[in-house]
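To start, the structure itself, in structure tokens.
Derivation of every value follows stated rules applied to the coordinates shown; laboratory data play no part. Just so we're clear, the structure is a prediction, and the values are computed from it rather than from any experiment. Heads up, the Cβs are rebuilt from the backbone with ideal geometry, glycines too, and the neighbour counts pull from every protein chain shown.
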């Protein structure tokens with residue numbers, strides 16, 4: 001079985017960033033639908049997508065909902081830095097603080113995950 005961690009780093013600033021974030025969710029869905037082990041982590045400016053993908057009437061809310069069970073968490077440090085800690089809490093998304101306030105990508109690699117960034 002394939003193990004993949006999808007890291008969303010894209011900002012919410014423009015259409016290119018929007019495309020990367022949606023592509024990340026679509027990639028997660030493909031792995032999930034294939035029965036593979038997949039994790040989604042929001043990091044850096046990508047932490048701002050949590051609020052965007054849960055806004056009422058959002059175009060890609062259903063896509064986000066289809067892979068929401070694969071969201072492992074949000075970088076705790078970055079959520080604070082970008083002012084979205086409350087969004088993560090409201091969505092019951094775990095804040096990851098494994099390595100100096102950030103997710104541990106080394107741990108993922110050690111656990112056999114391939115890391116894909118968007």
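Residues satisfying the criterion are present in segment 90-110 (criterion: in contact (Cβ under 8 Å) with a residue 12 or more places away in the chain, in a helix (DSSP H, G or I), within 15 Å of the chain's Cα centre (by Cα) and more than 23 Å from residue 18 (Cα to Cα)).
Counted as qualifying within segment 1-89 are the strands (runs of 3 or more DSSP E) with 1 or more residues that are surrounded by fewer than 21 Cβ atoms within 10 Å (Cβ to Cβ), out of contact with any helix residue (DSSP H, G or I) (no Cβ under 7 Å at 6 or more places or on another chain) and on the phi > 0 side of the Ramachandran plot, namely 71-75.
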